[in-house]
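Would you mind keeping the following structure in view while I ask a few things?
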Amino acid sequence: MFDHSETLKNSLLSALKDKDSVYQPRTRYLDDNQQPIHINRLILEDSPYLLQHAHNPVDWFPWGDEAFVKAKAENKPVFLSIGYSTCHWCHVMEEESFDNEEVAKHMNELFICIKVDRECHPDVDTYYMTAVMMMQGHGGWPMSSFLTPERKPFFGGTYYQPTQFIALMNRVDELWNKQSAEILEQADSITARVAGAMQTKQSLNEIGTNVIDITAQSIMNHHDEFNGGFGQAPKFPNEPYLYFLLEYAILSGKEDDLNAVIKTLHIQSCGGIYDQIAGGFHRYATDQNWLIPHFEKMLYNQANLSYVFAQAYTLTATKDFKRVACETLDYVSHEMTNKDGSFYSATDADSEGEEGLFFIWDKEKIEVLLKEDAEEFIKLYQVTATGNFEGKNILNLNQPLEDYANENNIDYNELVDRLATSKKTLWEAREKRIPPLRDNKVITAWNAMMIKSFAYVGQQLNRKDYIEIAIRAANAVLEKNKTKDGQLSRSSLAGHASIPALQEDYAYLAEALLQLYDATQDRQWLGHAATLTNRMIESFWDKENGGFFMGNQSKDNLLPASPKEINDNATSSGNSVALRTLQRLARRTGEKRYQSTAQQLIMAYSHDITQRPYICSYLMCGMLEMFVGEQSHQQWCADGNILISASCYKVKANYKLLLTITIAEEWHLNQIKDDFNLAVPVSVQAIQGWSIDHILYPAFITKTLGFQTEPVDVFEGTIQITADLSNENKQLTFPKNLLKLKLGLQACDEKKCLVAESVNCILPILD
């Protein structure tokens, strides 16, 4: 044990005793009873990553004031190590150095050591990773930084092997004791540079719609035309790019942009980055053609990719896209869902000390398991005796299943069902292997992404079970992910939550609840979204320069400068999500202040937007909505008092349009113009190649409004408008299976009439 007070020792031992039977101390230092010899403060934390280090011989502190107070009292520098539970090289450095008593001796004697889970403290990670990249020109995890007791970085890097790490620590200690003035000067210089990088810069030029086109072109310049995706290996899914290009293609009609997404999704879903047995995506591919993944599975990838695949399906009617979206959601439902309905954050890449071991196959094993069904499966998933990964096989398709079915005159659904039987057999066999570790913490922002996807896909594909999953998860997060003072928390583990939420947690959760509101029309979700957004503005808005800080600007924020991020990385930035959330909330509530805040946010980041718009492609999705409105089959108007839902379906060779308009209580829509030609009636017009025939309006009612003397004809409650559609002898614009409608309407209540509105609905035409 460390030289801790009796009170602290008792707390640590009590925390160890309270762990359930599943808990396994991760250390080589065990007594005769297989109990850990070392216990540090990390045993008290709510992070599986920190718990992995709770029995290192390192006297670790969690992020907090206690460590820096001790460092100042003892005049020692701080060693800060940042990683996450599914990081392969984090595991390597843990085993080689942090669980090595010789290395730990140097760490404990020379430094105050802090361990941080970057997924719990992304603001801390962002700040110090910025410093490391300034010092080294590159970054990564595990991230290793040396700080002054005032939390200022003066040296940093990533992974170090043990002898290198010991030499580095000795050198830092020597400089700290002999050249402290130079060290402090360097720390001040780096801190100033990092603070400068965190500043928002406004442009003198007004942002125009051309920035949207520039963003699209910039992204397309990085498109891999042969292999799909963007850039070189390692290749990440880059969901913010995919989100943007899909929405941009709807607006622009540019086939190349949509085709880039289609090609990328096809190759990703056919490649090894997709788990062909259980569904779900690995974090990224290490090669150019998506075959060999880094095998960890992150919740945010499942959320964003299932959404993108479902959205692509609505634009293209590609059956494989629908299948992959559903398989991914089903994987999350079965494998990454807590008993209360919330979602776990990740699964590891390693099992039995080897990366990917859980996921790879021998040809002979498949033949034994599948018997007479093996031949087709082996052919389709390119299984060979020599393998494609260290003598084993990563399952992958050489073409989309839909293409294979069409080329071989096979019914697609029958093929999928037949393969599903084989996959189930292999899945059952795979489940007998030692699985990768699962990170069971419940991250608010990532859960929100998942809630959004379940709600969206459920609505688009008429899957009520998915919407129910979204509702259950939303209730769980709102109930469980709260700190002791009732505020939203960043994460929880086994019901324990201690870390305050960041701005992105509020933004993502508000966005998800608005999606859930759209799917259910249950106003409680709108109320929760508004409450979260209000708190986000109160706690994170930069009152001097505009935009949102990552962390709360309270006295508990220990960073030398508060990060503000607009760049999309593995996930979209909190500011990008906030922009969309603010605008959608404004349309659904009629609260103009949300729209005003959105405009201020754009101005705060106007310099970055105009100079490098491609770095914030999800924010560009928000700007698309700012310029042209939401591109959806569902539209809110009249300050949130009118909901329009459009659908189109094919009956034999004919197309039918159904418009459902839900009108709030005490509101109505005008049916015909009044005698003074002021009232605007409901009108429906198809654009870009389609014609509307035989439109049928429902029965109207006649009433006298409070500000009128003469009765008028109006619609109230929920009404349906039906029509026939045709496109004979007309050139349809791209994408050809999208119907674009323009609706004219004017809403009134007993006291006033709102300004007439023109609303665009965009909806797929699916067989």
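The values are calculated or read from the model by the stated rules, or taken from the named source; none is laboratory data. Because the structure is predicted, anything quoted here is derived from the model rather than measured. Backbone-built Cβ (ideal geometry, glycine too); neighbour counts: all protein chains shown.
Which members of the stretch 56-68 meet the condition of being touching a residue at least 24 places away in the same chain (Cβ under 8 Å) and within 25 Å of Ile183 (Cα to Cα)?
Val58, Asp59, Trp60, Phe61, Pro62, Trp63, Gly64, Asp65, Ala67, Phe68
A further question follows. Among the helices (runs of 4 or more DSSP H) lying completely within the stretch 347-457, list those that include at least 2 residues that are out of contact with any helix residue (DSSP H, G or I) (no Cβ under 8 Å at 6 or more places or on another chain) and of a type outside the set (D, E, K, R).
The helices (runs of 4 or more DSSP H) meeting that bar are 412-430.
Could you grab me the full set of residues in the stretch 710-748 that are out of contact with any strand residue (DSSP E or B) (no Cβ under 8 Å at 6 or more places or on another chain) and either at positive phi or modelled with pLDDT of 80 or more (or both)?
Within the stretch 710-748, just Asn729 meets the criteria.
What about Lys76, is it at pLDDT 95 or above and under 29 Å from the mean Cα position of the chain (by Cα)?
So Lys76 does not fit the description; no.
If you don't mind, there's one more thing I want to ask. Being touching a residue at least 60 places away in the same chain (Cβ under 8 Å) and β-branched (Val, Ile, Thr) is the filter; apply it to the stretch 338-370 and report the residue that is surrounded by the fewest Cβ atoms within 10 Å (Cβ to Cβ).
Step by step, filter the stretch 338-370, then rank; the result is Ile366.
Among the residues of the stretch 280-297, is there at least one that is under 17 Å from the mean Cα position of the chain (by Cα) and farther than 24 Å from Pro400 by Cβ?
Yes.
List pairs: first in the stretch 1-26 and within 17 Å of Leu50 (Cα to Cα) and outside the structural domain of Leu493 (by TED's automatic domain parsing), second of a type outside the set (Lys, Arg) and outside any loop (DSSP other than H, G, I, E, B), Cβ under 6 Å, 6+ apart or cross-chain?
Listed by first residue and then by second, the contacts come to Leu12/Ile43; Ala15/Ile43; Ala15/Leu44; Leu16/Ile43; Pro25/Pro36; Arg26/Gln52.
Failed condition for Glu174, given (1) crowded, with 21+ Cβ neighbours inside 10 Å; (2) not in a loop (DSSP other than H, G, I, E, B), with all others met?
Against the list (1) crowded, with 21+ Cβ neighbours inside 10 Å; (2) not in a loop (DSSP other than H, G, I, E, B), Glu174 comes up short only on (1).
Of all residues in the stretch 125-171, which are of a type in the set (Gly, Ala, Ser) and either part of a helix (DSSP H, G or I) or buried (at least 18 other Cβ atoms within 10 Å of the Cβ) (or both)?
Once the filter is applied, which keeps residues that are of a type in the set (Gly, Ala, Ser) and either part of a helix (DSSP H, G or I) or buried (at least 18 other Cβ atoms within 10 Å of the Cβ) (or both), the stretch 125-171 yields Ala131, Gly139, Ser144, Ser145, Gly156, Gly157, Ala167.
A further question on this structure: Restricting to the stretch 84-114, and then to whatever is of a type in the set (S, T, N, Q) and not in a loop (DSSP other than H, G, I, E, B), can you tell me which residue is nearest to Asn56 (Cα to Cα)?
The extreme case among them is Ser97.
Are there helices (runs of 4 or more DSSP H) fully within the stretch 521-615 with at least 3 residues that are farther than 30 Å from Ile471 by Cα and hydrophobic (A, V, I, L, M, F, W, C)? List them.
Filter on the stretch 521-615 gives 592-604.
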